[in-house]
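The values are calculated or read from the model by the stated rules, or taken from the named source; none is laboratory data. Computed from a predicted model, the values in this text were never measured in an experiment. FYI the Cβ positions are ideal-geometry reconstructions off the backbone, even for glycines, and counts take in every protein chain you see. Protein only, heavy atoms only, side chains kept; ligands, DNA and RNA dropped before computing areas. Shrake-Rupley method; radii C 1.70, N 1.55, O 1.52, S 1.80 Å.
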Amino acid sequence: MDPQDLANCREIHAGLMAKERNSINYLFLEPVETTYFPEYLNVIKKPMDLRTLKENLEAGKYTRKEEFYADAQLIFDNAIAFNKDRDSKFVVDLAKRMIRAFDRLKKKTEAATAKRNGGGDSSTAAST
C-alpha cells in the first residue's frame, strides 16, 4: 500500500477508536462472541471488527486503501445485517452512527491528501 494511503488508513482507524466515540464504538472493538450468538456465522460470512481491521492493516494484508475501506464498512454492515430483524434497533443505530463517522473520517483524510498533493482528488493528484 502506498505510504500516504497507509497513514490515512491508520488515521481513520484511530478516529474510529477515538475516546470521543467510546459510547458508540464499543460493540465493534472485538470479534463477535459466537458462544453468545451461535447463529452469527450462519448469517455473516465474513466477520470483521476494529481489532482485526487494525491487525490486517499492520500485517500488510491490504494492498490498496479501498480494501481497508471495504473491511471497515463491513464491520458496520455486518452489524446491521445480523441485527436488522431484532426487536431492539440499538445495535443498528450504533452501526449507522459509526458509518457516518467512518465516512467523515475518510473524506477528511482524502481531502487532506488532495490538499498536500496540490488540490483535486487524491487519486488524480497522486498520478500526476
Q.
Considering only residues that are open to solvent by less than 50 Å² (accessible area, probe 1.4 Å) and over 13 Å from residue 9 (Cβ atoms), which ones fall in segment 101-111?
A. 101
Q) Looking only at segment 35-63, which residues are within 22 Å of residue 98 (Cα to Cα) and assigned to a loop (DSSP other than H, G, I, E, B)? A) 37, 44, 45, 46, 47, 48, 49, 62
Q.
Taking the conditions exactly as written (of a type outside the set (Ser, Thr, Tyr) and touching a helix residue (DSSP H, G or I) at 6+ places or on another chain (Cβ under 6 Å)), does residue 55 satisfy them or not?
A. no
Q: List every residue pair whose Cβ atoms lie under 7 Å apart, where the two residues are 6 or more positions apart in sequence or sit on different chains, the first residue falls within segment 46-74 and is of a type in the set (A, V, I, L, M), and the second residue, located anywhere, is at pLDDT below 95 and assigned to a helix (DSSP H, G or I).
A: none
Q. Restricted to segment 1-57, and to residues that are open to solvent by less than 80 Å² (accessible area, probe 1.4 Å) and basic (Lys, Arg), which residue is farthest from the chain's Cα centre (by Cα)?
A. 21
Q: Among what's in segment 66-99 and is of a type in the set (D, E, K, R) and in a helix (DSSP H, G or I), pick the residue that is surrounded by the fewest Cβ atoms within 10 Å (Cβ to Cβ).
A: 66
Q: Could you give me the residue pairs with C-beta distances under 7 Å whose first residue belongs to segment 7-29 and is without any contact (Cβ under 8 Å) to a residue 40 or more places away in the chain, whose second residue is in a helix (DSSP H, G or I) and among the polar types (S, T, N, Q) wherever it lies, and which are 6+ apart or on separate chains?
A: 17/25
